[in-house]
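A short write-up of the structure that comes next.
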Amino acid sequence: MKEYKRKYPLFSLCGLNCGLCPHYYTEGSSKCPGCGGPDFHLKHPTCAIITCNKKHDDVAFCFQCSSFPCEKYIVTSPTDSFITYKNVIGDLKKAEDNLEDYLQVLDEKIKILEFFLKNYNDGRRKNFYCIAVNLLSLKALNNILDMTKKNIATQSIDQKNKIKLILLLFEEMAKKEKVELKLRK
């Protein structure tokens with residue numbers, strides 16, 4: 001694939017939230033720059049969605065295509081890979097309704113994810129945090145963030161136990177929102 005660049009690589013052409021993907025936060029050669037980010041074409045030499053886009057309307061996001069929703073979106077994949085696909089259709093529709101608002105929410109979610117990765121990642125939680133932040137509502141995430149900063153961060157317990165409490169907060173919010181916090185294999 002030729003070089004492919006996008007103005008906002010953290011929300012992909014196909015509706016994935018690249019800024020909430022564990023591969024975006026990986027160090028080393030397997031780090032993904034996001035859809036159309038620096039050297040994207042070297043990391044992902046082929047992409048069926050980009051190829052389809054070039055053949056059709058050549059838009060920034062699939063929801064802008066005259067064929068949306070096409071067969072690629074009518075039947076969603078029952079499995080996930082490194083990032084969850086559960087919200088792709090919903091996220092594309094939110095972006096279609098108001099792209100600026102959607103990207104603002106995504107930016108806020110990215111900041112929340114980065115907070116947890118920086119402060120409460122014991123080396124085994126990156127995938128969990130990425131999935132949880134992707135699937136939970138911004139309201140739920142802000143509640144978790146507030147409770148973490150006010151209640152958990154100030155406790156005089158070790159980091160391992162703080163992380164356990166935070167994971168419980170995520171699980172409780174997921175239960176309230178009827179969200180399953182794992183990839184579909």
Computed for the chain: size of charge dipole around the Cα centre, +1 on C-beta of each Lys and Arg, -1 on C-beta of each Asp and Glu, debye to nearest 20, value 540
The chain, relative contact order in percent, only Cα pairs under 8 angstrom and at least six apart counted:
21
So which of 164/185; 5/149; 139/182; 109/175; 2/72 end up more than 28 Å apart by C-alpha?
5/149
In nm, to one decimal, how far is the modelled label at residue 82 from the one at residue 56, with both set 7 Å along Cα→Cβ?
2.5
Could you work out [θ]222 nm for the chain from helices alone, using -39500 (n - 2.57) per DSSP H run of at least four and dividing by all its residues? Round to the nearest 500 deg cm²/dmol.
-14000 deg cm²/dmol
Taking the square root of 5λ for each eigenvalue of the C-alpha gyration tensor of segment 18-177, the equivalent ellipsoid has semi-axes, largest first and in whole angstrom, of 32, 18, 13
Total formal charge among the other residues, if their Cβ is under 14 angstrom from that of residue 163, Lys/Arg +1 and Asp/Glu -1:
+4
HN-Hα J in Hz across segment 86-96 - Karplus 6.51, -1.76, 1.60, θ = phi - 60°, x for Gly and Pro
4, 9, 4, 4, x, 5, 4, 5, 4, 5, 5
Local electrostatic count at residue 107 - Lys and Arg +1, Asp and Glu -1, tallied over other residues with Cβ under 12 Å
-2
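The numbers here are math on the coordinates, done by the rules we state, and not lab data. Remember, it's a predicted structure, so these values are computed and weren't measured experimentally. No Cβ is skipped: glycine too gets one built from the backbone with ideal geometry, and neighbour counts run over all protein chains shown.
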